[in-house]
Each structure stands twice: as structure tokens, then as C-alpha cells.
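Scroll down for the structure; my scribbles are underneath it.
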Amino acid sequence: EETGKGEFDHYMLKEITEQPTSIAQATEGRYDSRTGAVSFETVPDGTFSDVDRVVLVACGTSYHAARYGEISLRRAGIDAVALLANEYGVAAPPVDERTLVVAVTQSGETADTLDALRRAGESDATTLAVTNVIGSSAARDADHRLFIRAGPEIGVAATKTFSSQAILLTMLARRIADETAGTRSPPAKADVAEARSSSVADRWSDLDRLPSLVADLLETSSAESIARRYRDDRAYFFIGRGLGYPVALEGALKFKEITYEHAEGFAAGELKHGPLALVTPETPVVTVFTGTEDAQTLKNAEEAATRGAPIVAVCPDGHPALDVADAHLRIPDVDPTLSGILATVQLQLLSYHAASLLERAIDKPRNLAKSVTVE
Ligand code: G6P
């Protein structure tokens with residue numbers, strides 16, 4: 001196992017660094033950059049034509065990818081909800097033959113997710129597994145399967161599988177929207193505005209560039225010096241809005257998993273409804289700007305800055321947030337659907353370097369397992 005790390009001290013850093021390749025593999029041959037059409041080799045055309053509701057079930061990092069997918073689906077005009085798989089059985093939402101239940105699971109072996117998939121399979125819903133492992137239980141148990149093609153992930157903290165899951169779910173949203181076009185009511189005004197500001201063609205041309213944008217980001221990231229600067233702080237908060245919210249949740253999960261420091265993710269707008277009581281000069285607030293409703297998110301960062309918290313802005317160069325920020329994790333200015341993925345890579349690096357400075361067992365954090373096969 002040791003030799004598999006190559007030049008890297010940890011599998012986690014190796015896997016973060018592999019993302020230009022894993023992202024290219026996730027998308028290869030699956031979309032047409034000219035027309036925006038998405039096709040999946042394992043899912044026949046027309047499979048989703050009757051879908052009117054999508055329920056995503058997942059745990060841990062995969063749950064955050066599911067939340068990312070939920071927002072992409074809703075923005076495409078599709079009714080969608082992401083649920084923790086371990087809560088699914090407690091109060092499962094109503095499903096019928098027009099419901100698609102999507103199990104998002106890197107390993108395909110997480111007991112809670114398999115249980116939710118089994119329950120969904122016993123109903124009239126159609127089931128789909130989004131997984132990294134061909135031949136996994138989830139891939140076998142679901143009606144359909146989509147492979148994220150990320151390659152093996154050894155580090156317990158999921159990294160490259162998150163980005164691939166988020167991209168695949170974004171593409172799935174497009175595919176379902178195309179197959180159900182004409183059967184849905186018109187999208188809300190806000191979605192129309194967004195569609196105008198970023199056409200499908202722009203989005204997919206940014207997707208073409210994503211592997212090289214991630215490669216640039218890996219080369220130029222200031223995550224290590226930022227981790228050093230805030231290494232002695234008391235707690236670390238991550239906030240974001242829209243797609244930036246699941247990115248913030250994932251940023252905080254990664255941080256707590258491998259540093260053992262207190263880290264929490266909040267919806268930026270919720271900060272003032274409680275979490276602000278925790279904000280002090282010793283709690284850096286990492287604020288994710290994904291290019292939608294950034295003005296509101298900036299107000300939330302200002303609320304934290306007023307309480308003396310250092311603000312780490314995850315945003316493009318020239319962004320207004322840099323006027324309040326104490327530190328900058330730079331992301332390129334791309335389609336909002338994809339900027340969350342680039343922001344996630346920066347947050348993975350931040351957690352990695354923070355844990356490295358603290359000399360934590362990065363690849364095998366205490367008490368955690370790569371795959372939890374018990375309920
Ligand atoms: C464990 C791992 C997490 C992972 C979660 C879900 O808790 O430590 O990193 O996100 O399981 O795993 P899955 O294989 O279902 O994506």
C-alpha cells in the first residue's frame with residue numbers, strides 16, 4: 001500500500017492532486033460541448049422521460065455531493081430533495097413510479113445507503129446508483145447505475161470522489177431536464193435569469209476546461225500559508241449560499257475529520273440566526289462565493305468581520321469580497337455550476353495542510369473508516 005503513494009506523503013494529497021485526471025474521466029464521452037446533450041453509456045435513452053421527482057440518498061461526503069446535485073436539479077426545474085440515507089427510513093418521502101431515487105455512494109457499500117436503496121427498491125420508484133465501484137452492492141442492487149470513474153480512493157477522507165460525484169449529478173440534472181422537457185411547468189423567474197447569464201454552451205465549455213483549471217489551482221493555491229496563519233485558532237466556520245452551502249458543509253466535514261479541530265458549515269444566511277453567537281476573533285470564517293447571490297453572502301461575511309473574525313474568501317480575483325477578506329483562496333471565474341467544485345478543491349487543500357501542520361494521521365483519522373458497512 002505504501003508504495004502506491006509515489007512522491008506524496010499521504011494518499012489524500014495524491015488523490016487531491018489527481019483531480020484533473022479524475023474529473024476528465026468522469027465526463028469523457030458523456031456530453032456534447034456544442035449541443036449540451038448528455039448521455040451515459042450505462043443508462044439507455046428515455047430512462048428518465050417519466051421522472052417528475054428525484055430523491056437523493058447518501059451519507060458523509062457523498063451526502064454533500066447529493067446536496068450539490070439537489071440544487072442543480074432544482075435549478076434545471078426538477079423537483080428534488082437530498083436526504084441522509086440514515087434518516088430515510090425514519091420518514092421516507094412519498095414515492096411513486098415517477099420518482100427516481102438516486103443512491104450516491106463512492107464505495108457502493110455503505111450500509112445506511114444500501115438500506116435506503118433497498119426500501120426505495122421495494123416501492124414503485126426507479127432506482128439509480130451513482131458509485132465509483134463497478135460490482136459494488138449499490139451498483140448491483142439498483143435498477144440503473146452510473147460510474148464516476150474516479151479511480152481507487154485510499155484516503156479515508158473522500159476528495160476526488162466528491163468532485164466526480166458533483167459533476168456527474170450536474171450532468172444527470174441536464175439529462176433529466178432534456179428528457180422531461182415539455183412535461184414540466186416553466187422554470188421560476190430566478191432560474192430564467194440564471195439560464196440567461198450562463199448558457200448551456202458556456203457551461204459545457206467551462207466543463208471542457210475544468211481539468212486544466214483544477215491543475216492551475218493546485219499549482220498556485222495559498223492554502224498552506226493560510227493553514228499556517230490560522231493554525232492556533234479556536235474553531236473554523238465555513239459558510240456559503242446556493243451551491244456554496246454544500247461546499248461549505250463539505251469544507252467543514254473535511255476539516256474536522258482530519259484536523260480534529262472544531263469546524264462547522266452553515267448556510268451563509270443562517271449565520272445571523274444563531275451561529276453568529278460563536279463568532280469571535282479566534283474563529284476564522286471561510287466564505288465560499290460561487291457567483292450566485294454573492295452580494296448577500298458578502299453581507300454575511302461582513303457580519304462576521306464586524307465581530308472580529310478573520311475572513312478567508314474563496315472567490316475569483318477582483319471579487320468585492322476581497323475588500324473585507326484577510327486571506328484569499330483563489331478560484332477562477334467560471335460558470336456558477338462548476339465554481340463550487342473548484343472551491344472544494346481549495347478547501348480540501350486547506351484541510352490537508354492544517355492537518356499536516358498538526359501532524360495528524362491524515363489517511364486514517366481516528367475513529368473513522370473508509371466505508372461503514374454497519375448501520
Ligand atoms: C464514511 C467515510 C466518508 C464517506 C462516507 C460515505 O463515513 O469516512 O468519507 O463519505 O462513509 O461513504 P460512501 O462510500 O457511501 O460514499
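The values are calculated or read from the model by the stated rules, or taken from the named source; none is laboratory data. Bear in mind that the values here come from a model prediction, so they are computed numbers and not experimental data. Ideal geometry is used to build each Cβ from the backbone, glycine not excepted, and the neighbour counts take in all protein chains shown.
Remarks
- The residues of region 312-351 that are part of a strand (DSSP E or B), of a type outside the set (Lys, Arg) and farther than 14 Å from Thr297 by Cα, listed by number, are Ala327, His328, Leu329.
- In region 101-114, the residues that are farther than 16 Å from Leu128 by Cβ and among the hydroxyl-bearing types (Ser, Thr, Tyr) reach residues that are surrounded by fewer than 24 Cβ atoms within 10 Å (Cβ to Cβ) and at pLDDT below 95 with C-beta atoms within less than 6 angstrom, at least six apart or across chains, in these pairs: Ser107/Ser371.
- When Ala355, Ala369, Ala343, Ala327 are screened for being within 16 Å of the ligand (Cβ to nearest atom) and either modelled with pLDDT of 95 or more or among the aromatic types (Phe, Trp, Tyr) (or both), only Ala355 passes.
- Residues that are within 22 Å of the chain's Cα centre (by Cα), buried (at least 18 other Cβ atoms within 10 Å of the Cβ), among the basic types (Lys, Arg) and not in a helix (DSSP H, G or I) are absent from region 247-268.
- Tally, over region 115-153, of residues that are among the aliphatic types (A, V, I, L, M), within 20 Å of Val372 (Cβ to Cβ) and not in a strand (DSSP E or B): 9
- Applying a threshold of 9 Å to beta carbon distances and a minimum spacing of six or more residues, or different chains, the list of pairs starting in region 244-259 at a residue that is on the phi < 0 side of the Ramachandran plot and ending at one that is basic (Lys, Arg) and within 13 Å of the ligand (Cβ to nearest atom) reads Tyr245/Arg67; Pro246/Arg67; Leu249/Arg67; Glu250/Arg67.
- Any hit, region 103-114, residues being outside any loop (DSSP other than H, G, I, E, B), over 20 Å from the mean Cα position of the chain (by Cα), within 20 Å of Thr42 (Cβ to Cβ) and within 16 Å of the ligand (Cβ to nearest atom): yes
- Residues in region 31-46 that are surrounded by fewer than 18 Cβ atoms within 10 Å (Cβ to Cβ) and farther than 14 Å from Leu207 by Cβ: Ser39, Glu41, Thr42, Val43, Pro44, Asp45, Gly46.
- Flag for Tyr63 being touching a residue at least 12 places away in the same chain (Cβ under 8 Å), more than 14 Å from the ligand (Cβ to nearest atom) and either closer than 27 Å to Leu368 by Cα or touching a Phe, Trp or Tyr at 6+ places or on another chain (Cβ under 8 Å) (or both): no
- Hey, Leu100 within 13 Å of the ligand (Cβ to nearest atom), under 20 Å from Val43 (Cα atoms), touching a Lys or Arg at 6+ places or on another chain (Cβ under 9 Å) and part of a strand (DSSP E or B) or not: no
- Of the residues making up region 120-129, those that are within 16 Å of the ligand (Cβ to nearest atom) and free of Cβ contacts under 8 Å to residues at least 60 places away in the same chain are Thr127, Ala129.
- Residue count for region 130-147, restricted to those that are in contact (Cβ under 8 Å) with a residue 40 or more places away in the chain and within 10 Å of the ligand (Cβ to nearest atom): 1
- Counting the residues of region 204-239 that are out of contact with any Leu (no Cβ under 8 Å at 6 or more places or on another chain) and part of a strand (DSSP E or B) gives 1.
- The criterion of at least 3 residues that are within 20 Å of the chain's Cα centre (by Cα) and among the β-branched types (Val, Ile, Thr) is met, among helices (runs of 4 or more DSSP H) falling completely within region 13-91, by 19-27.
- Out of Arg67, Arg53, sole residue that is in contact with a Leu (Cβ under 9 Å, 6 or more places away or on another chain) and within 27 Å of Arg360 (Cβ to Cβ): Arg67
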